[in-house]
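Every read-out reported here was derived from the displayed coordinates using simple, explicitly stated rules and does not represent laboratory data. None of the values given here were measured: they were computed from a predicted structure. Reconstructed Cβ throughout: ideal geometry from the backbone, glycine too, with neighbour counts over all protein chains shown.
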Amino acid sequence: MRIIAVAQNTFREAIRDKVLYVLLFFAAVSIFGSKALGWISIGQDIKIVKDISLASMSVFGVLIAIFVGTSLVYKEIDKRTLYTIISQPMHRFEFILGKYLGLMAILAVVVTVMTGVAAFYVMLLGGEVDRLFFLAALLTFWKLLLITAFAILMSALTSPILGALIVFSFYVFGHATGIFLDLPPHFDDTVAKHILEGIYYLIPNLANFDIRAEAANEVAVSGAYILWTLAYGALYTAFLLLLAILAFEEKDV
Amino acid sequence: MEAIVTQNLSKDYKQVGKATVHSLRDLNLQVGEHEVFGFLGRNGAGKTTTIKLLCSLIKPTSGGAQVFGENVRTRAARRLIGYLPEQPYFYEYLTPRETIDFYGRLQGLDATARRNEWDKLAELLDLGEIADRRIKGFSKGMRQRVGFAVAMVGDPPLLILDEPMSGLDPIGRRQIRELMLHLRDQKKTLFFSSHVLGDVEQVCDRVGILVQGRLTRTGRIDMLLGTECAGVEVVAAGLDDATQKALAGRAERYHVVEDHIFFVAPDQEVANSLVRDIHRLGGRLVEYTPMKETLEEYFMREQDNGNAATPDTQAQEAAS
């Protein structure tokens, strides 16, 4: 009940915020603008539109997760709205989970709208939208949930600007975790190698959630892979949320 | 049962590379049920820290506190407290009606109970006209009324108010003062901080004075002020210039209005000696008025004593 109240309020705040519409506008522009790239690569326009639509879903979703997520808790402390909330007879974790669920609902709406618009546009151009396209959108959403959990953890620990930088780095390195493992030979038997390997295992491999190329080129992806990736994301998300709850539990506000 | 009890409640703030700030030191306080308690102190004295500790926004470094016997760190305690922060902020995109509904939900009230709460609070705090306007454009006075409404959702027996009159215009202050008196009549326990002494004098049963994180005095205002004589005004007539000047040496100050001479003696002993001499030198006693200290004078004296008593805190403040 209390978690839902906080979640609904978070959702309402974002819905009444102009930034969301600005981001959605640019996302729509990038989907419709993708046709321009399609003209350059003759005969590939449907693939390009699908590819760019899924990419813009990921990029704009991440922007929302970073900008909204990293300021979510911090802003409440800064503006002192939190004072009257956590002095209520509620658990602090209810606040964190409510905030997370609210932001999750916003991302769900954003991804659904963008998927709908992209699918409509592909069909308008005479292409077909198959199950894989929607699965690619689902995995993108799943990745956003993981990033949001990390953003909320950062929000409980640090300022929005520093938090946004850290989450952005997390996003970039999460897409390129391989660089921590594929090290040149002169790293062999060094402390740096062990540290970088540690980072490889610590940072989630966000590239796992990316089946954009397969969706655009209609290359089959196994159901087992999809299920494994969903479970992988859910576990990481739960772990990050647990850390966010623990960080917030002890925090002086 | 006492509404608030604290035992050696302390809060330190440690900062890397800076001296530790002792925001509150060993606070031992009891506030009785149905009492209106004013917590006085200058900015930075530790008033807000105490309130945040009571509302469990921050954790004590040592010591503890209970409200109506419940540890303040528990949800059971928070159910008994209505809290108004200094210059309260609420979600700007919500209206007062939505705000009260939201806090009602956080308290676990069902829809009917929330509607009833709104009706009751809107009438008491005159929120009807602004019920469906977004808080974004509200004045400080309007926000304060919404703040009181939020603090009173769920009808808690204890209200903790942080500077409830700060930043308000005279009309706003009067409204809040009247509201506090109304709540006192409703047998609520009120604990509030302030540095506006006139307001405190008008609504409080008892006050506590906090100087640099230490509670230096608590008591009923009349008792605190009654223990100290702030001087005696002695008005005389029929004294020539030379006599006036001779007697004035013993007074703290004096002035002449037509044929009346006003002496202010520091205490009754000096005043009595002045009276004897006025009679002896052929003058006439017109008035003899022992003066009581005002709360402001008392407060200032406590500040000075407190500052002298805790030089280490001054050094720490200077260091930080």
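Got the relative contact order for chain A handy, in percent, Cα pairs under 8 Å and 6 or more residues apart?
Details: 296 pairs, mean separation 69.2, N = 253.
It comes to 27 percent, rounded to a whole number.
Taking amide H positions as placed in the peptide plane 1.01 Å from N, state which residues far from B:THR61 in sequence (5 or more) or on other chains have amide H under 5 Å from it.
Amide H neighbours of B:THR61, under 5 Å, 5+ apart: B:SER10, B:LYS11, B:ASP12.
With no solvent and one equal point scatterer per Cα, compute the Debye intensity ratio I(q)/I(0) for region B:1-144 at 0.09, 0.15 Å⁻¹ and report its log10, rounded to two decimals.
The Cα Debye sum returns log10 ratios of -0.38, -0.93.
Of A:LEU157, A:LEU124, A:LEU146, which is the most mobile in a GNM of chain A whose springs link Cα atoms less than 10 angstrom apart?
Top of the fluctuation ranking is A:LEU124.
Using alpha carbons only, what's the Rg to Rh ratio of region B:213-282 with Rh from Kirkwood?
Numbers: Rg = 16.0 Å, Rh = 13.7 Å.
Here the Rg-to-Rh quotient is 1.17.
Grab the eigenvalues of the alpha-carbon gyration tensor for the protein assembly as shown, scale each by 5, take roots, and send me the semi-axes largest first in whole angstrom.
Working: eigenvalues 880, 140, 87 Å².
Over the Cα atoms of the protein assembly as shown, the ellipsoid semi-axes are 66, 27, 21 Å.
Lysine pairs in region A:2-250 with alpha-carbon atoms under 30 Å apart, 8 or more places apart or on different chains: how many are there?
Pairs that pass both the separation and distance tests number 17.
Quick one: among A:TYR232, A:TYR83, A:TYR74, which has the greatest mean-square fluctuation in a GNM of chain A with alpha-carbon springs under 10 angstrom?
The residue that fluctuates most here is A:TYR83.
Just checking the output field for B:98-110: average partner chain Cβ neighbours within 10 Å of each residue's Cβ?
Details: counts 2, 2, 0, 1, 6, 4, 1, 9, 15, 5, 6, 1, 1.
Going residue by residue through B:98-110 and averaging, the value is 4.
Beyond 26 Å, what percent of the Cα pairs of chain B remain?
On the way: 29309 of 51040 pairs.
Everything past 26 Å amounts to 57 percent.
According to the Cα gyration tensor, what semi-axes, each the square root of 5 times an eigenvalue, does the equivalent ellipsoid of region B:30-109 have, listed from largest to smallest in whole Å? Could the numbers behind the result be given before it?
Details: eigenvalues 121, 61, 33 Å².
Working from the Cα gyration tensor, I get semi-axes of 25, 17, 13 Å.
How would region A:41-154 be classified by its alpha-carbon gyration tensor: rounded, prolate or oblate, with rounded meaning a/c under 1.5 and the a/b versus b/c comparison settling the rest? Write out the running numbers ahead of the final one.
On the way: a/c = 3.62, a/b = 3.03, b/c = 1.19.
Prolate shape, in that a/c is at least 1.5 and a/b is the bigger ratio.
Whole-Å semi-axes of region B:1-49's equivalent ellipsoid, largest first, each the root of 5 times a Cα gyration tensor eigenvalue? Walk me through the numbers before you get to the answer.
Values: eigenvalues 143, 31, 8 Å².
Semi-axes, largest first: 27, 13, 6 Å.
Please work out the Cα center distance from region B:5-65 to region A:131-200, rounded to the nearest Å.
41
From the helices alone, meaning DSSP H stretches of at least four residues, give me the mean residue ellipticity at 222 nm for chain A, per-run term -39500 (n - 2.57), in deg cm²/dmol to the nearest 500. Don't skip to the end; give the middle numbers.
Values: 10 runs with 197 residues, N = 253.
Helix-only estimate at 222 nm: -26500 deg cm²/dmol.
Normalised by the number of residues in region A:9-110, what is the relative contact order in percent for Cα pairs under 8 Å and 6+ residues apart? Mind dumping the intermediate values first?
On the way: 55 pairs, mean separation 37.0, N = 102.
Reported relative contact order: 36 percent.
Treating cross-link reach as a plain straight distance, find the lysines whose alpha-carbon is under 25 Å from the alpha-carbon of B:LYS187, omitting any fewer than eight places away in the same chain.
Cross-link targets: B:LYS47, B:LYS52, B:LYS120.
With an 8 Å cut-off on Cα pairs and a minimum separation of 6 or more residues, tell me the relative contact order of chain B in percent.
On the way: 594 pairs, mean separation 63.1, N = 320.
That works out to 20 percent.
Please check: in the Gaussian network model of chain B (C-alpha springs, under 10 Å), which one of B:GLY63, B:GLY249, B:GLY154 has the largest mean-square fluctuation.
The residue that fluctuates most here is B:GLY249.
Could you list B:HIS195, A:HIS186, A:HIS194, A:HIS91 so that the one with the fewest beta carbons within 10 Å of its beta carbon is first and the one with the most is last?
Numbers: B:HIS195 17, A:HIS186 8, A:HIS194 11, A:HIS91 14.
So the ranking, lowest neighbour count to highest, is A:HIS186, A:HIS194, A:HIS91, B:HIS195.
What ranking do A:TRP228, A:TRP142 get, fewest neighbouring Cβ atoms within 10 angstrom at the top? Could you put the intermediate results ahead of the total?
On the way: A:TRP228 12, A:TRP142 20.
Lowest to highest Cβ neighbour count: A:TRP228, A:TRP142.
Taking the beta-carbon count within 10 Å as an exposure proxy, list A:SER30, B:SER273 from fewest neighbours to most.
Numbers: A:SER30 17, B:SER273 13.
By the 10 Å Cβ count, ascending: B:SER273, A:SER30.
For region B:86-175, what Kirkwood radius comes out of the mean inverse Cα-Cα distance, in Å? Each step should come with its number before you reach the end.
Working: mean 1/r = 0.0755 Å⁻¹.
Evaluated over region B:86-175, this radius sits at 13.3 Å.
Could you state, as a whole-number percent, how many of the C-alpha pairs of chain A are farther apart than 35 Å?
Details: 6790 of 31878 pairs.
The proportion of pairs with Cα distances above 35 Å equals 21 percent.
Within the set of other residues whose C-beta is less than 13 Å from the C-beta of B:PHE262, count the net charge using Lys and Arg as +1 and Asp and Glu as -1. Mind dumping the intermediate values first?
On the way: positive: B:ARG253; negative: B:GLU233, B:GLU252, B:GLU258, B:ASP259, B:GLU287.
Net charge in that neighbourhood comes out at -4.
Subtracting the Cα-Cα distance from 0.36 nm times the residue separation, let me have the gained length for B:ALA131 to B:ALA230 in nm, one decimal.
The span from B:ALA131 to B:ALA230 would gain 30.6 nm if fully extended.
List the GluC sites (Glu not before Pro) within region B:54-126 that DSSP assigns to loop and that have no more than 15 neighbouring Cβ atoms inside 10 Å. Walk me through the intermediate numbers first.
Working: sites: B:GLU70, B:GLU86, B:GLU92, B:GLU98, B:GLU117, B:GLU123; in loops: B:GLU86, B:GLU92.
Sparse-neighbourhood loop GluC sites (Glu not before Pro): B:GLU92.
Report the full-extension gain for the segment B:HIS255 to B:ASP169: residue separation times 0.36 nm, less the Cα-Cα distance, to one decimal in nm. Each step should come with its number before you reach the end.
On the way: separation 86, 0.36 × 86 = 30.96 nm, distance 3.65 nm.
Contour length minus Cα-Cα distance gives 27.3 nm.
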